[in-house]
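Values in this text are rule-based calculations from the coordinates and carry no lab data. Owing to the predicted nature of the structure, the values given are computational and were not obtained by experimental measurement. Virtual Cβ from ideal backbone geometry, glycine too; neighbours counted across all protein chains shown.
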Amino acid sequence: MGINAPYLPYDKLREVANAFLSQYHPSGTIPVPIAAIVEFAFQMDVVPVPGLLESYQIDSSISNDLATIYIDEFVFKKRLTRYRFSLAHELSHKLIHAKIFQQVSFASIAEWKETMNSIPPREYGWIESQAYSLAGLILVPSSPLLAAYRGAEDSAAAAGISLQDIDADAAKVVAASIGREFEVSGEVIRKRVRFDGICQWARTGPA
């Protein structure tokens, strides 16, 4: 399948996220109200699907017309951070991949899965990594992230600990703590901190 999936560098995705937040969340409060933005600003339907993860090994998917987001029902009800990230991920496809979705056709989640599997691995990798990165930039904006990290750094310093010197396990604890403020997982925080170059452990530690 001849899918045109251009490479978008992280700095370009950052520009997209900043423009998005400026338009749809100008107050800048944290956590970003992604569910309200999806529902009210973009008029998208969010449909819980029982067994989506079990059947298709995915938390979410988006309809061919980019108007509906399907979410695994258990994630929808019980996994807030995964639910929020899934919404941001699928919305990111709408923001940056609309032209790509115009090149394919599918009428069900099963057909969506088959279509995605038919895309060449390099192009599919770009599509997914770009949506993942943009979702992280939307849910964890740079300035609030830096402020949260500085707060954690000050708390650690008061206990005689430097966040630059902690091991991988301690880094996970710090990331999870910061993640609760943004209502995202610690993994998202670790990747965002690494890509923003905020601290050494995030650049060299686990992804």
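For the pair Phe106 and Tyr124, the difference between a 0.36 nm per residue extended length and the Cα-Cα distance amounts to 4.9 nm. Pull out a ≥ b ≥ c, the square roots of the eigenvalues of the alpha-carbon gyration tensor of region 1-48, then state rounded if a/c is under 1.5, prolate if not and a/b is larger than b/c, and oblate in the remaining case. It is oblate, given that a/c is not under 1.5 and a/b is not larger than b/c. Karplus-based coupling profile of region 48-55, in residue order and whole Hz: x, 10, x, x, 4, 5, 5, 7, with θ = phi - 60° in 6.51 cos²θ - 1.76 cosθ + 1.60 and x standing for Gly or Pro. Between Val46 and Ile69, the built amide H atoms are under 5 Å apart, and every one of these is 5 or more places off in sequence or on another chain. Every pair of different Cα atoms in region 1-140 enters the Kirkwood calculation, which places the hydrodynamic radius at 15.4 Å. Charge dipole (Cα centre; +1 on Lys/Arg Cβ, -1 on Asp/Glu Cβ; no other charges) of region 142-204 amounts to roughly 220 debye. Judged by the mean number of other Cβ atoms found within 10 Å, the most tightly packed of the peptides 87-98, 66-77 leads the ranking 87-98, 66-77. Residues of region 123-162 falling in the label zone of Lys99, defined by backbone nitrogen less than 15 Å from a point 7 Å along Cα to beta-carbon, are 127.
Protection proxy ranking, highest mean first, for peptides 56-63, 99-106: 56-63, 99-106, where packing is the per-residue count of other beta-carbon atoms within 10 Å, averaged. Placing a label point 7 Å from the Cα of Met116 along the Cα-to-Cβ line, the residues of region 123-139 whose backbone N sits under 17 Å from it are 123-136. Within region 142-204, the percentage of alpha carbon pairs spaced more than 14 angstrom apart rounds to 50%. Taking the Cα centre of the chain as reference, the dipole from Cβ charges on Lys and Arg (+1) and Asp and Glu (-1) amounts to some 260 debye.
In the structure displayed, which of Lys77/Lys99; Lys113/Lys172; Lys12/Lys77; Lys99/Lys172; Lys78/Lys99; Lys78/Lys172 lie more than 29 Å apart, Cα to Cα? Violating the 29 Å limit, Cα to Cα: Lys77/Lys99; Lys113/Lys172; Lys12/Lys77; Lys99/Lys172; Lys78/Lys99.
For Ala19 and Asp169, what is the calculated FRET efficiency with R₀ set at 45 Å and r taken between the beta-carbons, to the nearest 0.05? Working from the Cβ atoms, E equals 0.75. Taking the Cα centre of region 1-71 as reference, the dipole from Cβ charges on Lys and Arg (+1) and Asp and Glu (-1) amounts to some 220 debye. Working ranking of peptides 145-153, 121-129 by packing, defined as the average number of other Cβ atoms within 10 Å per residue, highest first, is 145-153, 121-129. Model label points for Thr29 and Asn64, set 7 angstrom from Cα along the Cα-to-Cβ axis, are 4.0 nm apart. Counting only DSSP beta bridges with both residues in the chain, the antiparallel share comes to about 40 percent.
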